[in-house]
Amino acid sequence: MPKNHLKVYLIHDTRKGTSPHLHNLRRGLSHAGVKTIISLPFALRRDFPKFLTLRNLGRPEVKVLHYIWGDIHPFSYVITKLFTHKKIIVHWMGSDVLQILSSPWKRILWRMIKKVINVHCTDFYATALELRTIGIKAKVIPLIPDLSFSPMKTIWPPGKVVFTYIPESRETFYGSKIIFALAKRLKDVEFLIVGTTGKNCPQLPNVKYLGFIEDMEQKIWNKVKGYIRITKHDGLSHLVIEALARGKYVIRSYKFPYCFYARTLGDTEQALRQILQKKEPNFAGMNYVNTRFHPLILARNLKKLYMEI
């Protein structure tokens with residue numbers, strides 16, 4: 001292994017179903033010359049026996065512990081720091097920030113221990129601004145979405161088909177009311193919904209519930225013209241980046257380049273009608289993602305961060 005080949009622990013609870021997310025990150029970092037090791041977190045109350053993993057985290061050849069989210073007990077970071085003496089990076093996701101903002105005691109704890117972390121990061125400007133409200137200054141450094149290292153190909157399919165993501169038990173948070181209202185109004189439009197089997201959702205003739213999808217390319221991206229994401233709170237959202245990279249049009253409830261901005265049913269319907277009238281893919285969005293979110297560019301940004309600390 002080259003002498004300049006870094007070793008970094010990526011710490012994330014893979015039991016939450018985030019292994020594909022980690023795969024993209026590991027693949028990109030490998031191309032940038034960073035060796036990564038995946039570890040489960042040490043969580044104070046939930047799983048105290050994992051305290052023993054601190055011995056592995058203290059391995060001398062590993063210089064950086066990179067937590068790919070911040071929503072564990074804040075004192076877990078303190079204990080990890082005391083026993084390993086490693087540099088710690090916490091990468092905040094949108095849901096993490098929402099958890100802290102809605103919990104007064106978490107805000108207090110984080111104000112107390114925020115300096116234990118060497119670098120706070122987030123992948124979206126909006127969450128960086130939210131973290132500032134509790135005194136955490138976070139660098140905006142995106143993680144790596146599911147993108148190819150070569151330019152993405154796009155298919156501009158016929159018909160009126162769009163896609164959205166609505167996980168089970170979180171239908172309201174992910175804008176299900178607007179989606180179902182759209183489906184009732186635009187009966188000639190087919191809505192593909194990933195993340196739920198439709199157990200708690202209305203059964204409409206132009207709505208298909210697909211549950212969990214592994215082959216997004218064939219079953220989703222090659223069939224749709226647009227992606228709708230009307231969430232109550234959000235981070236960067238890799239699905240937004242992945243949709244733009246494939247020339248799809250995106251409607252989302254947070255402003256983002258080359259996306260339609262909408263928060264109400266009326267705004268979403270207007271944007272969707274515009275998308276369905278398009279005659280060609282979203283080439284501007286594709287170019288933006290290829291120049292700003294290429295996996296190797298993002299991986300090099302992370303490597304630079306590791307080197308700096």
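The values are calculated or read from the model by the stated rules, or taken from the named source; none is laboratory data. What you see is a predicted model, and the numbers here were worked out from it, not measured in a lab. Every residue, glycine among them, receives a Cβ derived from its backbone with ideal geometry; neighbour counts consider all protein chains shown. Ligands, DNA and RNA are stripped out before the accessible areas are found, and what is left, the full protein with its side chains, is counted by its heavy atoms. Shrake-Rupley method; radii C 1.70, N 1.55, O 1.52, S 1.80 Å.
Worth a mention:
- For segment 253-276, a residue qualifies if it is touching a strand residue (DSSP E or B) at 6+ places or on another chain (Cβ under 8 Å) and more than 23 Å from Ile155 (Cβ to Cβ), and the qualifying residues are Ser253, Tyr254, Lys255, Tyr261, Ala262, Asp267, Thr268.
- If you go through segment 237-252 and keep only what is touching a strand residue (DSSP E or B) at 6+ places or on another chain (Cβ under 7 Å) and not aromatic (Phe, Trp, Tyr), you end up with Ser237, Leu239, Val240, Ala243, Leu244, Lys248, Val250, Ile251, Arg252.
- One residue stands out among those in segment 207-253 that are over 27 Å from Asp96 (Cα atoms) and among the basic types (Lys, Arg): the one that is modelled with the lowest pLDDT, which is Lys219.
- Where His120 falls short, out of the listed (1) touching a strand residue (DSSP E or B) at 6+ places or on another chain (Cβ under 6 Å); (2) under 20 Å from Gly285 (Cβ atoms); (3) not acidic (Asp, Glu): (2)
- His233 being out of contact with any Leu (no Cβ under 7 Å at 6 or more places or on another chain), within 26 Å of Pro295 (Cα to Cα) and touching a residue at least 40 places away in the same chain (Cβ under 8 Å): no
- Matching residues in segment 123-146 - criterion: being touching a helix residue (DSSP H, G or I) at 6+ places or on another chain (Cβ under 7 Å) and either among the acidic types (Asp, Glu) or open to solvent by 10 Å² or more (accessible area, probe 1.4 Å) (or both): Glu130, Gly135, Ala138, Val140, Ile141, Pro142, Asp146
- Qualifying residues in segment 279-300 (those that are in contact with a Phe, Trp or Tyr (Cβ under 7 Å, 6 or more places away or on another chain) and farther than 16 Å from Tyr258 by Cα) - the one surrounded by the most Cβ atoms within 10 Å (Cβ to Cβ): Pro295
- Subset of segment 203-222 that is in contact (Cβ under 8 Å) with a residue 60 or more places away in the chain and either under 14 Å from Leu276 (Cβ atoms) or not in a loop (DSSP other than H, G, I, E, B) (or both) - its residue that is most open to solvent (accessible area, probe 1.4 Å): Met216
- Residue count for segment 262-278, restricted to those that are in contact with a Ser or Thr (Cβ under 7 Å, 6 or more places away or on another chain) and open to solvent by 70 Å² or more (accessible area, probe 1.4 Å): 1
- Test: residue in segment 272-293 that is within 24 Å of Glu171 (Cβ to Cβ), in contact (Cβ under 8 Å) with a residue 40 or more places away in the chain and under 16 Å from the mean Cα position of the chain (by Cα): no
- For segment 178-202, filtering for residues that are loosely packed, with under 13 Cβ neighbours inside 10 Å and either under 16 Å from Arg252 (Cβ atoms) or at pLDDT below 95 (or both) leaves 4.
- Residue list for segment 154-171, restricted to those being surrounded by fewer than 16 Cβ atoms within 10 Å (Cβ to Cβ) and in contact (Cβ under 8 Å) with a residue 24 or more places away in the chain: Ile155, Trp156, Pro157, Gly159, Pro167, Glu168, Ser169
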